[in-house]
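Let me begin by presenting the structure, written as structure tokens, before commenting on it.
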Ligand code: 0A1
Ligand code: ZN
């Protein structure tokens, strides 16, 4: 194995302002698949004319430099140097007064398979500049604290030419755009292509008329309406709830098929992965609709939390992402069911962020070092970043939160801000000292919170102890501030003490509840009031009592979850308690069907493995798979009649509508279908696949059929119908691998990878196959290491084309240290094989070396 190449590490502590001021950027692009010409003019001035500084611009080997002038003159070539990543003009060659730097470079979008910078996706020119993509377009101070106004001229024969801001002119293949809001380069975007728009208008609360467009490929217009509706709802909501109004004359959204992430908040020109724009009942599922609505909102909300107020440096990424995720979560709770949304968010947090926090990739929401920033668009920065804001809001209260946010917008509009700035507005708005609370931003790891109860003379004493395991680079974990929402339920099922938020600040702390008649049952961590792992001694009967009576929907669901996990990890008696409790819930017609569906869905295999690992045992993927199947079968046998009744009762009559109430009924019906399939051999699924006209039910039925090994005909039907629809075919690829019996998963994946339509350079298609395998817990962790080897082979191949995708997908391995020695050895060997590769990208190298450190 060759020695790993040393890589430069970026440190938060090294932040320095850029030594120049940039007052305007003018770009002129002549677009071509190869040889796009980019002319850039930058109006610069030294920040301190008495302290001359070299002018260092980001921009690598991919930029073919054709001309460079300062105030119209070419500098002495001896003063201009280039390396792999930047261009430097010596201070000696620079005026002490304001000057204009002009460059001309050529780039080849057609060769850009990394989808970073300017690239071509199905004939559409588009850009992705966050985090550091702009440097692949031209030489520039590509850092978020350098903000300026942009004037952009686009030259191309393509009919639609878009950039940020407002249109100035569009005639004869030349379009001009002006964005008067100063912005950093990562928010720059352009799009050029043969596109059509679904258009609408929005009148802001101050009476300004905004033109709205969702741009798609011709033929896709009839699937863009829901995205437009979602945009309008988002604009209204941000005015109503946060008082934030839109600030340009136009708002454009463009859907492209090749996109590394979900979507991007470029100023006035959001670019989306087409799977988060296009939806029709026959192609998209309820989950797709809900996600489209949330991501459209997320990107729109960034206009204030991200664009008007951006980040000083990339260490502050969670400043914009945590807050914007928090806002989109609030939006979805307001539009749909708040209870269901909270439970879904906790599920996501546990599945992705707790997993990350437990393993070698753990990092704080605000990291203080990185090698490749693209590796930090993580569940910790996004989802935990949002949880931290939720805790802050819980601690200060809703009114103070609203005051703090008003102050944040007033004080920092136009700034590139930091987490310190953010916390300061809360301190100033509330008078609180948040020094201790700040640990949530700087410390990694999920605290374990142990709760013990004592009951004496009508007084209930709760003692909490918190501890956090060491994480990479952070051996010591001081206590944190933890808001613990607690309510008390009397023996008859009535609430005897409403929710109270206990504020824990020490490693160990006691709280008392006095003047109680009879010993109550404690409903703890209501609403999941902090991202911690709560442990308490509780018997199954009390959990069943909470599942039946808790008034807090999260805590109620959690009681069922704990019962299920206990059934799955502790054997027969626990299983019976769970099966009985589920029976009671199935008959509870007052409960929201979506809530019942969530309670009915057994914890996933990955979640069970995580629980076992947290308890100190070694998860056995095959045993987990078998135990889960077994429990599902027992539930189905025990409650066959109730389930059959529910399956019929939850039919949604009439034409498909993606609204929350209809989706809720479908979700319960689907959960029931999954259980009944354990005893009906898949008959119902077979029938449902045949009669359903919406993709939600068809995909649910298909997943059941794949699991039972009888999906052949259904897969053929779907392929015949949708072979030319990429988004449906992505699902078709994914379900076959994800739901495959574990022993077959790798073989299925290997087979699918040989198909002509396995267009692996398309990130969605790659994720469908490789992500599908990673999502098949026992399949990926196959004892013979075939899952590891197959994944490593593809990561190596992908790394050469698209390092971001390879690096993200490498997280399939992040849990490897928790398995048995044999699996560990095989996983490690696969990771070492990747690490040994000559020419591996910085992205993947950083990920792999953190995982095997
Ligand atoms: N800011 C976007 C996410 C995003 C990040 C990086 C990207 O390319 C590397 C693309 C998009 C968001 O939060 O939606
Ligand atoms: Zn975001």
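Remarks
- Within the stretch 110-121, residues that are closer than 12 Å to residue 803 by Cβ have Cβ atoms under 7 Å from residues that are within 16 Å of ligand 2 (Cβ to nearest atom) in these pairs: 114/804; 115/128; 115/259; 115/260; 116/128; 116/133; 116/804, counting only partners at least 6 apart in sequence or on another chain.
- Hey, residue 394 within 16 Å of ligand 2 (Cβ to nearest atom), over 16 Å from the mean Cα position of the chain (by Cα) and either at pLDDT 95 or above or farther than 21 Å from residue 260 by Cα (or both) or not: no
- A count restricted to the stretch 145-180 and to residues that are in contact with a strand residue (DSSP E or B) (Cβ under 9 Å, 6 or more places away or on another chain) and part of a strand (DSSP E or B) stands at 24.
- Only a single criterion out of (1) under 25 Å from residue 735 (Cβ atoms); (2) surrounded by fewer than 19 Cβ atoms within 10 Å (Cβ to Cβ); (3) free of Cβ contacts under 8 Å to residues at least 60 places away in the same chain is not satisfied by residue 779, namely (2).
- Considering 205, 201, 217, 236, the condition of being closer than 30 Å to residue 38 by Cα and more than 16 Å from ligand 2 (Cβ to nearest atom) is satisfied by 217 alone.
- Just one residue in the set 404, 400 is surrounded by fewer than 18 Cβ atoms within 10 Å (Cβ to Cβ), part of a helix (DSSP H, G or I) and touching a helix residue (DSSP H, G or I) at 6+ places or on another chain (Cβ under 7 Å); that residue is 400.
- Residue under evaluation residue 840, criteria (1) touching a helix residue (DSSP H, G or I) at 6+ places or on another chain (Cβ under 8 Å); (2) assigned to a helix (DSSP H, G or I); (3) over 30 Å from residue 708 (Cβ atoms), criterion not met: (2)
- Single match in 464, 437 (criterion: surrounded by 16 or more Cβ atoms within 10 Å (Cβ to Cβ), closer than 30 Å to residue 17 by Cβ and touching a residue at least 24 places away in the same chain (Cβ under 8 Å)): 437
- Test: residue in the stretch 332-345 that is more than 22 Å from residue 475 (Cα to Cα), within 13 Å of ligand 1 (Cβ to nearest atom), touching a residue at least 40 places away in the same chain (Cβ under 8 Å) and not in a loop (DSSP other than H, G, I, E, B): no
- Residue check, residue 296 farther than 22 Å from residue 412 by Cα, within 14 Å of the chain's Cα centre (by Cα), within 14 Å of ligand 1 (Cβ to nearest atom) and surrounded by 24 or more Cβ atoms within 10 Å (Cβ to Cβ): yes
- Per the conditions (1) away from ligand 2 (no atom under 16 Å from the Cβ); (2) farther than 30 Å from residue 404 by Cβ; (3) under 24 Å from the mean Cα position of the chain (by Cα), the sole criterion not satisfied by residue 222 is (3).
- Here the condition is being at pLDDT 95 or above, more than 12 Å from ligand 1 (Cβ to nearest atom) and either within 23 Å of residue 699 (Cα to Cα) or part of a helix (DSSP H, G or I) (or both); of 352, 361, it holds for 352 alone.
- Test for residue 530: is it in a loop (DSSP other than H, G, I, E, B), on the phi < 0 side of the Ramachandran plot, surrounded by 20 or more Cβ atoms within 10 Å (Cβ to Cβ) and at pLDDT 95 or above: yes
- The residues on offer are 323, 317, and the sole one that is within 14 Å of ligand 1 (Cβ to nearest atom), under 30 Å from residue 370 (Cα atoms), surrounded by fewer than 24 Cβ atoms within 10 Å (Cβ to Cβ) and at pLDDT 95 or above is 323.
- Test set (1) surrounded by fewer than 21 Cβ atoms within 10 Å (Cβ to Cβ); (2) closer than 19 Å to residue 45 by Cβ - residue 67 fails condition number: (2)
- Helices (runs of 4 or more DSSP H) contained entirely in the stretch 730-800, each with at least 3 residues that are under 16 Å from residue 709 (Cα atoms): 742-752
- Qualifying residue in the stretch 259-280 (condition: surrounded by fewer than 23 Cβ atoms within 10 Å (Cβ to Cβ), within 10 Å of ligand 1 (Cβ to nearest atom), in contact (Cβ under 8 Å) with a residue 40 or more places away in the chain and closer than 30 Å to residue 601 by Cα): yes
- Any chance residue 359 is out of contact with any helix residue (DSSP H, G or I) (no Cβ under 6 Å at 6 or more places or on another chain) and touching a residue at least 40 places away in the same chain (Cβ under 8 Å): yes
- Test: residue 594 is in contact (Cβ under 8 Å) with a residue 24 or more places away in the chain and either buried (at least 18 other Cβ atoms within 10 Å of the Cβ) or within 19 Å of residue 678 (Cα to Cα) (or both): yes
- Number of residues in the stretch 441-465 that are within 28 Å of the chain's Cα centre (by Cα) and within 17 Å of residue 529 (Cα to Cα) equals 6.
- Scanning the stretch 593-608 for residues that are modelled with pLDDT under 95 and either over 25 Å from residue 353 (Cα atoms) or over 27 Å from the mean Cα position of the chain (by Cα) (or both) returns no hits.
- Residues of the stretch 635-653 that are surrounded by fewer than 19 Cβ atoms within 10 Å (Cβ to Cβ) and either closer than 26 Å to residue 569 by Cα or more than 34 Å from the chain's Cα centre (by Cα) (or both): 637, 638, 640, 641, 642, 644, 645, 648, 649.
- Scoring residue 372 on the criteria (1) over 15 Å from the mean Cα position of the chain (by Cα); (2) buried (at least 24 other Cβ atoms within 10 Å of the Cβ); (3) within 16 Å of ligand 1 (Cβ to nearest atom) leaves a single failure, condition (2).
- For the stretch 238-258, a residue qualifies if it is surrounded by fewer than 16 Cβ atoms within 10 Å (Cβ to Cβ) and in contact with a strand residue (DSSP E or B) (Cβ under 6 Å, 6 or more places away or on another chain), and exactly one does: 249.
- When residue 385 is tested against (1) within 28 Å of residue 475 (Cα to Cα); (2) touching a strand residue (DSSP E or B) at 6+ places or on another chain (Cβ under 6 Å); (3) within 16 Å of ligand 2 (Cβ to nearest atom), just one condition goes unmet, and that condition is (2).
The values are calculated or read from the model by the stated rules, or taken from the named source; none is laboratory data. Keep in mind that this is a model prediction, so the values were computed, not measured. Virtual Cβ from ideal backbone geometry, glycine too; neighbours counted across all protein chains shown.
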